[in-house]
1. Name every residue in the range 82-94 that is open to solvent by 70 Å² or more (accessible area, probe 1.4 Å) and either within 26 Å of Pro72 (Cβ to Cβ) or without any contact (Cβ under 8 Å) to a residue 12 or more places away in the chain (or both), in order of residue number.
2. Looking only at the range 166-184, which residues are open to solvent by 40 Å² or more (accessible area, probe 1.4 Å) and either of a type in the set (Val, Ile, Thr) or under 60 Å from the mean Cα position of the chain (by Cα) (or both)?
3. Enumerate the pairs (first residue in the range 137-158 and under 18 Å from Pro89 (Cα atoms); second residue anywhere and open to solvent by 60 Å² or more (accessible area, probe 1.4 Å)) with beta-carbon separation below 8 Å, excluding pairs fewer than 6 apart on the same chain, so at least 6 apart or on different chains.
4. I'd like to verify a number: residues in the range 144-166 that are modelled with pLDDT of 85 or more and either acidic (Asp, Glu) or in contact with an Asp or Glu (Cβ under 7 Å, 6 or more places away or on another chain) (or both), how many?
5. Is at least one residue of the range 95-112 in a helix (DSSP H, G or I) and either touching a residue at least 24 places away in the same chain (Cβ under 8 Å) or surrounded by 12 or more Cβ atoms within 10 Å (Cβ to Cβ) (or both)?
6. In the set Glu13, Glu35, which member is open to solvent by 100 Å² or more (accessible area, probe 1.4 Å), over 60 Å from the mean Cα position of the chain (by Cα) and at pLDDT 85 or above?
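The values are calculated or read from the model by the stated rules, or taken from the named source; none is laboratory data. If you're wondering where the values come from, they're calculated on a predicted model, not measured in any experiment. Cβ placement follows ideal geometry from the backbone for every residue including glycine, while neighbour counts extend to all protein chains displayed. Heads up: the accessible areas ignore ligands, DNA and RNA and are worked out on the full protein's heavy atoms, side chains in. Shrake-Rupley method; radii C 1.70, N 1.55, O 1.52, S 1.80 Å.
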Amino acid sequence: VDIPAMLDAISLEPDESYYGFIHDVSGILQARADELNAAAQARSRLYLAAALLVMAAAIIAVLFVSRSIVRPLKQLTDQSMAMAERHLPRAVRTVLDTPVGEDVEVPTLAPIKVRTRDEVADVADTLNVVQSAALELAVDQAMLRRNVADAFVNLARRNQNLISRQLDFITELERNETRTGTLDNLFRLDHLATRMRRNAESLLVLAGVEAS
């Protein structure tokens with residue numbers, strides 16, 4: 001048997017028959033797989049870029065929100081500390097140190113302001129209300145002290161007038177009296193009246209008025 005001639009007679013081309021079909025299908029599948037792989041890589045790069053953009057936007061949003069919250073809080077803290085430590089105590093002392101007889105002038109305090117419209121602004125409004133209430137309380141206390149001082153002054157002046165008239169009358173009695181026992185009693189009355197006059201002068205001092 002001519003083996004080479006027989007093999008040539010039964011041999012087929014590589015792209016023919018079942019083996020050629022398998023080869024072609026394998027190439028088509030490989031090409032399709034490469035195409036799908038390239039598309040998947042492109043989508044993954046797109047998703048990665050989108051994720052980076054979203055993360056960057058989130059970081060920017062967080063920074064913006066935190067800054068919008070921290071800045072008003074810092075302003076509120078600084079202004080409230082200045083109010084509590086300097087402005088309000090100074091204004092209250094000014095009101096309470098008003099001399100008796102002078103009109104009480106209510107100092108003007110700058111309100112606490114923050115550039116926001118959220119809960120921080122509500123806290124600032126509450127602190128302004130507290131500041132106004134403290135000033136009103138100081139003014140009321142000063143007016144009460146002034147009224148009490150006026151009452152003390154009025155009472156002391158009336159006592160002084162009565163005691164002065166009493167001392168004048170006792171002095172007249174002493175001048176016209178010759179009996180020793182009666183003079184001793186008049187001197188004792190004079191001494192008691194003098195002590196009463198000193199009490200009236202002390203009452204004037206308590207009221208903040210210099211005794212005449």
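1. Of the range 82-94, the ones open to solvent by 70 Å² or more (accessible area, probe 1.4 Å) are 85-87, 90, 93-94.
Glu85, Arg86, His87, Arg90, Arg93 - these are the residues of the range 82-94 that are open to solvent by 70 Å² or more (accessible area, probe 1.4 Å) and either within 26 Å of Pro72 (Cβ to Cβ) or without any contact (Cβ under 8 Å) to a residue 12 or more places away in the chain (or both).
2. Thr171, Thr178, Thr180, Thr182
3. Short answer, once both residue conditions are applied: Val139/Val106.
4. 0
5. Yes.
6. None of the other options fit; the residue is Glu35.
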